[in-house]
């Protein structure tokens, strides 16, 4: 089993009478990890504790084997952080700022310059990197924020809502960049987001926290396992097919241009095929539906269950 | 390969490589912050408008030295209008202006723009950050307190007919000048940053620093001269007054006739102690502020 990149034991954070984290035990292996929870669930609090920006009320945390408190400055040479909020000074250029941040992370002046040029290119900032950042668009600012988190080649990268404020195209590019950074350069990524669709596209592992407690942690495929429902799309009379399948003893539901059928053994496929043949409708598609994360959370919210697994 | 138009807004994967070089750690981080802050105190690496105020104030601090050198060169070789201890009296106001204008930028900028979270999630600690900022600002002020005097000493030495005689007459003033220049710079840095760091708002910080230097001054003088008794202690609340008292003590010169230092009647060494106490308290306040500020 690989060494965990992140391990917390009984992590508690209280603000007065409010408990932001209530005894979090977490152990994560390297990879691209999504951190999901509603606003106020404790995502940012957890990240800030791991970065040493705030102190935990109780408990310990280790990142890549270093204690976040006792070995803070040493650990943070290998950590990158892209905050959710604005953090860029307006009156310096991206080049100047990112190079400075690289030096604060322990790179020599010349190494910092070289890495700055490479990293800004990596995130897609070219000639404009010599201009003052006050004139940048939101998309450009987000790229600089990512660049300053990457410039020193961290071993672990914390991204807090990296697509905040981006338009759909910018969002796609940012997610693509995050995925490539994680997969191709061996950097572990912890990405906090309240948008499940984004997590699903980028992450391999999912951590769900709710009200400061761990709800679930596991590979993303565990969350999106198959549902046991077949979607049958036909070119023809959908309601007739629906009728026929029910008569054949299948549990079926009519939904738009398709019929949803509960998969009850292999026989169902034959019944569907024969029914289409009898009715003379063209069979366009039979698909075994996978659940997406949003469905799962909707179900959970409906049940009102906070079951930890 | 670079695309023909690099500004189309797409993300191209061109540059990223893993870094295998040395990581120099916390000490390097602190030094990098120190030099970056020192440069930014004079607006270097920033737009022209950021350079105007610090450079104009620096020029004002140099004016008396330049004026004296000009007079010495044109009129006579034996003119010695400005004494070293007197020079600190001349540059007090430019120093106060520099503190009021620049101290809020030194600490407030990172709070306003929320850059602090990027610093504190890097290879330094909150205390390192506070002390690096303080040291950089003190260094910037040292340029104002000492460089004009260095110019003066060189200029006077060159203007005189007897260079070796000039040096032997004045050498004792050199360490005193350095001691006083350093103390004043560190004191003004610690005091003004202690005030300015309490707020991210530039306007409040500037008013606070101005109040510390300029409003305390007439009030202290009124209390000392008009009330006396316990009112004499007000001299320790006015930076201009206790800085000058400390300078006089360093140069071993007595308080001038009818000056506030004479009227207050304390031994001049007490001003030196006051300066040290202010430096300690100011530095502690800056460190405390950044230990607590949320990032």
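The values are calculated or read from the model by the stated rules, or taken from the named source; none is laboratory data. Small disclaimer: the values here were computed from a predicted structure and weren't measured. Cβ coordinates were reconstructed from backbone atoms using ideal geometry, including for glycine residues, and neighbour counts include every protein chain displayed.
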Exercise. Name the residues in the range A:79-102 that are assigned to a loop (DSSP other than H, G, I, E, B) and either more than 8 Å from every other protein chain (Cβ to nearest Cβ) or without any contact (Cβ under 8 Å) to a residue 24 or more places away in the chain (or both), would you?
Worked result: A:84, A:85
Seminar exercise, completed: Wholly inside the range A:194-272, helices (runs of 4 or more DSSP H) that include 2 or more residues that are at pLDDT 85 or above and within 30 Å of residue A:18 (Cβ to Cβ) are A:196-202
For this session: For residue A:63, state whether it is buried (at least 20 other Cβ atoms within 10 Å of the Cβ), more than 10 Å from chain B (Cβ to nearest Cβ), at pLDDT 95 or above and in contact with a strand residue (DSSP E or B) (Cβ under 6 Å, 6 or more places away or on another chain).
Result: yes
For this session: Kindly establish whether residue A:47 is in contact (Cβ under 8 Å) with a residue 40 or more places away in the chain, over 18 Å from residue B:19 (Cβ atoms) and either at the interface with chain B (Cβ under 8 Å from one of its Cβ atoms) or not in a helix (DSSP H, G or I) (or both).
Result: no
For this session: Say whether the condition of being more than 18 Å from residue B:180 (Cβ to Cβ) and surrounded by fewer than 18 Cβ atoms within 10 Å (Cβ to Cβ) is met by at least one residue in the range B:236-247.
Result: yes
Exercise. Could you list, in sequence order, the residues of the range B:136-173 that are under 22 Å from residue B:73 (Cα atoms) and at pLDDT 85 or above?
Worked result: B:146, B:147, B:148, B:149, B:150, B:151
For this session: Determine if the range B:195-218 includes at least one residue that is more than 25 Å from the chain's Cα centre (by Cα) and either modelled with pLDDT under 95 or assigned to a loop (DSSP other than H, G, I, E, B) (or both).
Result: no
Problem set entry | Scan of the range B:263-276 for residues that are surrounded by fewer than 13 Cβ atoms within 10 Å (Cβ to Cβ) and within 16 Å of residue B:238 (Cβ to Cβ), ordered by number | B:265
Seminar exercise, completed: Restricting attention to the range A:146-186, the residues that are part of a helix (DSSP H, G or I) and either more than 21 Å from residue A:102 (Cβ to Cβ) or at the interface with chain B (Cβ under 9 Å from one of its Cβ atoms) (or both) number exactly 18
For this session: Please determine, by comparing only the residues of the range B:40-73 that are within 17 Å of the chain's Cα centre (by Cα) and at the interface with chain A (Cβ under 10 Å from one of its Cβ atoms), which one is farthest from residue B:129 (Cα to Cα).
Result: B:43
Exercise. Given the conditions (1) surrounded by fewer than 24 Cβ atoms within 10 Å (Cβ to Cβ); (2) over 23 Å from residue A:50 (Cα atoms); (3) within 14 Å of chain B (Cβ to nearest Cβ), and given that residue A:200 satisfies all but one, which numbered condition is not satisfied?
Worked result: (3)
